[in-house]
1. Hey, what did segment C:296-490 get for relative contact order, percent, Cα under 8 Å, at least 6 apart?
2. Take the Cα gyration tensor of segment C:133-223, multiply each eigenvalue by 5, square-root it, and list the three semi-axes largest first, rounded to whole angstrom.
3. To the nearest 0.05, how large is the calculated FRET efficiency for A:Leu88 and A:Ile15 if R₀ is 35 Å and r is the Cβ-Cβ distance?
4. Nearest 10 degrees is fine. How inclined is helix C:133-152 to the longest principal axis of chain C, computing both from alpha carbons?
5. Give me C:Ser146, B:Ser26, C:Ser465 ranked fewest to most by other Cβ atoms within 10 Å of their Cβ, as a rough exposure proxy.
6. Convert each backbone phi in segment C:211-219 into a coupling constant with the Karplus relation 6.51 cos²θ - 1.76 cosθ + 1.60 (shift: θ = phi - 60°), then list the ³J(HN,Hα) values in order as whole Hz, x for Gly and Pro.
7. Length gain on complete extension for the stretch C:Ala198 to C:Lys485, per 0.36 nm per residue less the alpha carbon to alpha carbon distance?
8. Taking 0.36 nm per residue of separation and subtracting the Cα-Cα distance, what length does fully extending B:Ile82 through B:Leu5 add?
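Here, each number is a calculation from the coordinates, and none is a lab measurement. Since this is a predicted model, take the numbers as computed values, not measurements. Reconstructed Cβ throughout: ideal geometry from the backbone, glycine too, with neighbour counts over all protein chains shown.
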Amino acid sequence: MSHNLILRIISKFLIPLIILFAFYVQFHGDFGPGGGFQAGVIFSVAFILYTLVFGLDSAEKIITPVVLRILASLGVVIYAGTGVASLLLGANYLDYDVLGKTPVAGQHVGILVIELGVGITVASVMILIFYSFAGRDRD
Amino acid sequence: MELILSHYNYWIVIFLMMAGFYTVISRGNLVKKIVGLNIFQVSVFLLYISIGNVEGGTAPIVIEGAEKYSNPLPHVLILTAIVVGIATTALALALVVRIREAYGTIEEEEIHEQDQSL
Amino acid sequence: MIDQHVSLLLVVIPLLAAPFVAVLPGRHLAWLATQIITAICFALAIYQLLQVLQGGIISYELGGWAPPWGIEYRIDAANALLAVIIAGIAAITAPYSLASVQREIPQHQHSLFYASFLLCITGLLGISLTGDIFNLFVFLEISSLSSYALISMGKQRQALTAAYQYLIMGTIGATFFLIGVGLLYAQTGTLNMADLAARLPEVIQLRTVHTAFGFILVGVALKLALFPLHLWLPNAYTFAPSVVTIFLAATATKVAVYVMLRLNLTIFSSDFVLKTPANEIFLTLGIIGIIVASATAIIQKDAKRLLAYSSVAQIGYMIIGLGFASIAGLTATLVHIFNHAIMKAALFMAIGAIFYRIGSSRLDDLTGLGRQMPWTFGALIIGGLSLIGVPGTAGFISKWYLVIAALEQDNWLATIAILGGSLLAVIYVWKLVEVLYFKVATSERQDVREAPLLLLVPTWVIALSNIYFGFDTTWTVGVAQTAIKMLGMS
C-alpha cells in the first residue's frame, strides 16, 4: 500500500473532513436531521477508509480492538445511565425533563447525552465489525 | 390500470418482498441467502416509509410556510429496524465466515453432505 | 422508589450489566456478576407478581410520555407470571453455568458469553413486560440476536449451521411480524397494545387488518416453533452449549407463546379471532404437532435432540389450549408454559450434567451411565415423569386442565391427541431410561463419576420444584386464573 501516493494524500485530506462532518451530524441532530446512528456510521467510515489505505496493523495502533470494546460498552452505559440518572432525580426512566433547570433545557441535555452514547457505541461497533472481518485471515 | 398506478408503492414493496423471499428459499449459497434476506427486510422498510408520506407534506421540521408535514414516526421506527437489520446481517456474515473456516465451503448442500458423512 | 419502578428495573438492570460484564476480565468475575444480576431480577419479578396480584395492572410510562404516544410497560398477572418464569430460570441456570460453561466454551469467550446471556434475558423480559407492539419487535430481535450468538458458541461445528438456520428462520419470522405491525399502524395510527385494542373494532372488517393478523400470526408461529415451522429448533437445541439449551428451551419459545396469547386476547378481540380460522388452525396444527413430533422424538439417536422434539410436541399442547379459546383452555396454556419450563429445565440440566462428564449426548455414548451417576439420573426420572404427566408432578396439572378444556367442548380428537401424546412421551422417556440404566456401560466409560455438586444442586432444585408444583397449585393455576380474568375473558 505504501506506493499509492495519490490514495494516501487524498485520504489524509478526506479523513479530517469526514470526522468533522460526523461531529456536525452528531451535535446538530438537536436542531435538524442527524443524530447518533448516522454520526456514528460516518465517524467509523473515516477509520475504515484509513484502514483500507494504510492497512489494518497501523489502524490498530491508533485504536485497538480492546479500547473499541470498552468504548462500545461505554456508549450503552451512557445511554442506560442517563435513564438511571432521571430515575434517581425522581422521574420515570429516560424522562429528560428533570435533567435541566427547566423541562425544555432538560430535554436538550437529555437528548444530547443519549445521542452521544448512541454515537460512541455505533462508531466503535462499526469499526469493530470491520476489524474482525478484515483481520480474520490473519490469525 | 388505475389500481396499479395509484398504489405503485405497494407494487414495488410486493415485488421486492417476493424477490427477496424467493432468494432466501431457493439459493443454496449462504451469502446469497443473506442478500435475499436483506432485500426482504428493505421491502418492509419501504412499506413503512411510503405509508408515512403525506401528499404535499414536507420534512417534519417546524419552518415558516409549511403546513403539512410527513409522519415522522414510521421513519424513526425504521431507523431502529435498520439498525436491527445491520446487526442481523453482521452476525449472519460472521457465522458464514466461521462456517467457511469449519467446512471449507458456503454451499448448503456440500455442508449437509459433510455432516451426513460423519 | 423501587416500588414504582420495579417493572422497569427488571429490564434495565440486565441491560446495564451486560456492557460491564462484556469488558470484565477473568471468567469468575463475569459469572459472579451474572449470578448476582439474575438473582436480583428473580427477586424483583416475584415482588412485581405480588404487586400485580394485590394492586392490579401496573402501567409504567417510559420517559414520562403518556401512552399511547410514549412507550408503556403494562403488566398484568399474565406477564408478571412470565417474568417470574424467565428470571427464575435465569437465576437457577446461572449457578449451573459456572462449571458447564468452563467445560464447553473457550476461556476468552466467557465474558462475551455472559454478556450475551444477560442481553438475552433483557430481551425476553422486555417482550414480556412491554405494552407497545413495536417495542416488542425490538426486544424480540434483542433476544433473538443474542440467542443466535449463544447457540453458535457450541463446541461442534454444526452449532454454526444451526445458528445460521435459526437466524434465517428467526429473521423471516420477525420481518413478517414487522409487516403485520406496519399494516396495523397504517390502519389505526397507533402502536400501543391497549390503544390498538380500543381502535381496532372500528376497522376490524377491513382486509388490511385480516392481512396484518395473518402476517403477525405466521411471524410469531415461526418464533415459537409451531409445527410445521419448527425446523430450526431441533438443531439449535442439540448443538448449543448445555446452559443455552436449558435457558432457551425453558423460556424462549414460552415467551413466543405468550406473545400469541397477548395477540389473540388483548390486541385482537376474541370476537375477531373467532371470525377467522385462527383457532381451527391452532387446534389442527397443535394436534398434528403433538403426534408427529412425539413420534419423531422416539426415533432420535441423541438425547438433546430427543428432548428438543419433545419440546415441539409440548408447544402443541400450549397451542391447543389457545385454540380452545375457553377459560379452561387458556388456563391450561399458561400453566403449561410454567410447568413445561421447569420440567424441560430439569431434563436438559440432567443431560447437560452427563454431557459435562463425557462430552456427548448421543444415546450410544450414554449407555449405563445412570448407574454411575445416580443423582443426575434421579433428577432425569422426575423430569421425565413430569413430562409424561404422572399424578403428583407438575406436568399432570397442566394436562388435567387441558383435558378438561377438551372435554368441555366435546373435542374428542384433541382429547385423544393429548392422551396419546402422553403415551408417546412414556415411550421416549423410557428410551432414555433404558439406555441410561438397563444397558451396560462401555469399557472406556466405566470410571465416569457423578456430576459435581455445582451442577447437581440446581438440577435437583428444579426437579423438586416439579414435585412441589404438582401439589401446590396456588402459584400456577391460581395465578393463571387471575391472569385470564385480567385479560378480560369471561
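1. Values: 276 pairs, mean separation 62.0, N = 195.
Result for segment C:296-490 is 32 percent.
2. Working: eigenvalues 212, 31, 10 Å².
Working from the Cα gyration tensor, I get semi-axes of 33, 12, 7 Å.
3. Values: r = 40 Å, r/R0 = 1.14.
Approximately 0.30, to the nearest 0.05.
4. 10
5. Numbers: C:Ser146 23, B:Ser26 10, C:Ser465 20.
Ordered from fewest to most neighbouring Cβ atoms within 10 Å, C:Ser146, B:Ser26, C:Ser465 come out as B:Ser26, C:Ser465, C:Ser146.
6. 4, 4, 4, x, 4, 5, 4, 5, x
7. On the way: separation 287, 0.36 × 287 = 103.32 nm, distance 1.82 nm.
Extra length available between C:Ala198 and C:Lys485 comes to 101.5 nm.
8. On the way: separation 77, 0.36 × 77 = 27.72 nm, distance 2.80 nm.
This chain segment gains 24.9 nm when fully extended.
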